[in-house]
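Enquirer: Below you will find the structure I want to go over with you.
The values are calculated or read from the model by the stated rules, or taken from the named source; none is laboratory data. Keep in mind that what you see is a predicted model, and the values were worked out from it rather than measured. No Cβ is skipped: glycine too gets one built from the backbone with ideal geometry, and neighbour counts run over all protein chains shown.
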């Protein structure tokens, strides 16, 4: 039997070609699948990074907005308390505080006045009883007692401003913090001299009274500039 080598050879070539084609197709598919998986994995990673970055950015914006809001609140409240303290201390200037004569006050008027000034009931009763026997002495003691109360209120207002400054120092710039302390130190010293009522302190009082308005203006300017800068950034 004669072998048809041409047919055999053709069959081998065809089979070999198909095999090669199938092999190449297989390899290409493998590479494509691997590439698709890597691409999908890379896309997923990028999405995670993007979401994380977006979340971090949003959180930073929220943190900055909260910080800015707190800063505005701190500046407004601090300046308000400093002005209140300054006003209370300033009321003692010019002869250490103007006084009423109380000559036209009736007993009921004096009782109401002491009630408004937060004089404690025991002291009020004592003064009203003295009023019947020694009006001049009763009024003098009442003035001294109320003056003491007013000084206590002034010291309290200074301490209240100082406490707020310390609590909110995180939100204050170094310049505003220092300027606030400078103002509070001046009105603190003034109040000390007013309360001591020593004539030798008159010169020191005059120096401090000259410094006080300029320091207050400087603080107001610093706060305005910083808050205006924040508003522009937003």
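Enquirer: For residues in the range 151-167 being in contact (Cβ under 8 Å) with a residue 60 or more places away in the chain and surrounded by 18 or more Cβ atoms within 10 Å (Cβ to Cβ), which is farthest from the chain's Cα centre (by Cα)?
Expert: Here the residue is 154.
Enquirer: From the list 184, 208, which one is at pLDDT 90 or above, crowded, with 16+ Cβ neighbours inside 10 Å and under 20 Å from residue 80 (Cα atoms)?
Expert: Unique residue meeting the criteria: 184.
Enquirer: Here is a further query. Show the residue pairs that are 6+ apart or on different chains and have beta-carbon atoms under 8 Å apart, the first residue being within the range 191-203 and at negative phi and free of Cβ contacts under 8 Å to residues at least 12 places away in the same chain, the second being crowded, with 16+ Cβ neighbours inside 10 Å and not in a loop (DSSP other than H, G, I, E, B).
Expert: Here the result reads 201/193, each pair linking the range 191-203 to a residue that is crowded, with 16+ Cβ neighbours inside 10 Å and not in a loop (DSSP other than H, G, I, E, B).
Enquirer: Can I ask one more? Among what's in the range 74-88 and is touching a residue at least 24 places away in the same chain (Cβ under 8 Å) and over 14 Å from residue 156 (Cα atoms), pick the residue that is surrounded by the fewest Cβ atoms within 10 Å (Cβ to Cβ).
Expert: Selected residue: 77.
Enquirer: Right, residue 224: loosely packed, with under 13 Cβ neighbours inside 10 Å and in contact (Cβ under 8 Å) with a residue 24 or more places away in the chain or not?
Expert: For residue 224, the condition - loosely packed, with under 13 Cβ neighbours inside 10 Å and in contact (Cβ under 8 Å) with a residue 24 or more places away in the chain - is not met.
Enquirer: Looking only at the range 171-180, which residues are surrounded by fewer than 19 Cβ atoms within 10 Å (Cβ to Cβ) and touching a helix residue (DSSP H, G or I) at 6+ places or on another chain (Cβ under 9 Å)?
Expert: 171, 173, 175, 177
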